[in-house]
Amino acid sequence: MKRFNHYDASSVEEAVSLLQEHKGSSYVIAGGSDLMGCLKDHLWMEYPEAIINLKTIPGLKKIQLKEDGLHLGALVTLTELSESHTVKATWPGLAEAARRTGSPILRNMGTLAGNICQENRCWYYRYPDKIGGRIDCVRKGGKRCLAVPGDHRFHSIFGAVNKCIAVNPSDTAPAFVALNAVVKTTKREIPIDEFFTAENGAASTILDRDEIVTEIFVPRPAEGSKSAFMKISYRKSIDFALVNCAAALTIVDGKISAARICLNAVHNNPRRCETSEAALIGKELTEETAQEAGQLAVAEAKALIQNIYKVQIAKTIVADTLMECTR
Ligand SMILES: Cc1cc2nc3c(=O)[nH]c(=O)nc-3n(C[C@H](O)[C@H](O)[C@H](O)COP(=O)(O)OP(=O)(O)OC[C@H]3O[C@@H](n4cnc5c(N)ncnc54)[C@H](O)[C@@H]3O)c2cc1C
Ligand code: SF4
């Protein structure tokens, strides 16, 4: 790792001012479970001169239930989220997404903001520069994507963005999308549907380089709402998702009146299944309607030769996650 200056910020204002002072050459660090790997493997075109620690800022670690919903501080850890009785009681899909992330140690370190801002895990992109030299793919400023002609078994089944077929690996992201969350930052409030992008350089979100997430807000669900999360990975205890899915349904008089479904690890950004959602409205949730929703979720898939198996997983996980909402 190269040398950098490490600052312990004592307030959000100080952290923003440090980011602005080192504009374009600084990052904030929370749990560090993703950022440290990025630094060690020299992922980015420019090595940062400053790392600003957010964990020294008081007040960003609260889980607060208010009349309008759940207010989650950016530094709430995945363990805290998964073990919160409040979250488990009303937003079980979100608690389950946090519980299924990484290992116990990672969940103790990893924060919510870090989880939704993490970098992709494409193995060409993450290839350590010390072993055989840096691989300059499109996302690193090079001319071509190595995964398309190479090993793309974990990559996008919905095509490329700017020639890149890496997927968003976050487990909590689809849960926040299904629950229609709002990301509050030092500059604005961002509806979760607008938060993720693969078109902001190496970042996975629309955040500016001097912008910090301070809170994630999850609205209180309507009467009769249920949520669920499911994840398929090679290893159950610690692994990134091959495909994951979150769903939130409102069922009134036995019929679905509102639905939000989100797949992740299938495209550059978490993918809302809007056609599936629309098809469910006004219907009862049965094995048949759930499977129809799963089928619609993959109707536009453009899988590559080695990742076609993910289409079947995505189809099935949508149906299973919907049925999980009834349990
Ligand atoms: C072995 C291993 C297994 C993993 N398994 C999983 C998994 O199964 N599922 C999964 O989803 N993830 C997994 N991860 C990825 C990651 O560790 C977690 O997602 C974790 O939640 C990241 O949080 P953090 O606080 O450690 O982030 P950090 O590493 O501190 O930060 C990650 C990124 O977010 C930015 N950031 C952090 N906080 C803020 C903020 N408040 N505002 C703006 N930007 C911010 C940082 O600048 C950095 O770019 C795994 C990582 C490892 C190393
Ligand atoms: S998928 Fe994206 S990150 Fe991976 S090699 Fe291709 S351009 Fe690079």
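Laboratory data are not the source of any read-out in this text; all were calculated from the coordinates shown. On a predicted model such as this, the values are computed, not experimentally measured, just so you know. When we count neighbours, we look across all protein chains shown, and the Cβ atoms used for this are built from the backbone with ideal geometry, even at glycine.
Listed values, structure above:
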read-out: Ranked 94, 304, 179, criterion: other C-beta atoms within 10 Å, fewest first; value: 304, 179, 94
read-out: Likely footprinting exposure, 176, 240, fewest C-beta neighbours within 10 Å first; value: 240, 176
read-out: Computed label-point distance, nm, for sites residue 278 and residue 235 using a 7 Å Cα→Cβ extension; value: 4.2 nm
read-out: Listed peptides 141-153, 20-32 by packing density, highest first (mean Cβ within 10 Å); value: 20-32, 141-153
read-out: If the convex hull is drawn through the Cα atoms of region 200-327, its volume per residue in Å³; value: 146 Å³
read-out: Protection proxy ranking of 198-208, 129-139 - average other beta-carbon atoms within 10 Å, highest first; value: 198-208, 129-139
read-out: 16 Å Cα-Cα reach of residue 61 towards lysines, excluding residues that sit fewer than 8 places from it in its own chain; value: 184
read-out: Gain upon complete extension [residue 197, residue 162; 0.36 nm per residue less C-alpha separation]; value: 11.5 nm
read-out: Inter-site label distance for residue 45 and residue 68 at 7 Å from Cα along Cβ, in nm; value: 3.8 nm
read-out: P(r), alpha carbons of the chain - 20 Å bins starting at zero, rounded %; value: 33, 58, 10, 0
read-out: MRE, 222 nm, helices only [DSSP H, n ≥ 4, -39500 (n - 2.57), over the chain, to nearest 500]; value: -7500 deg cm²/dmol
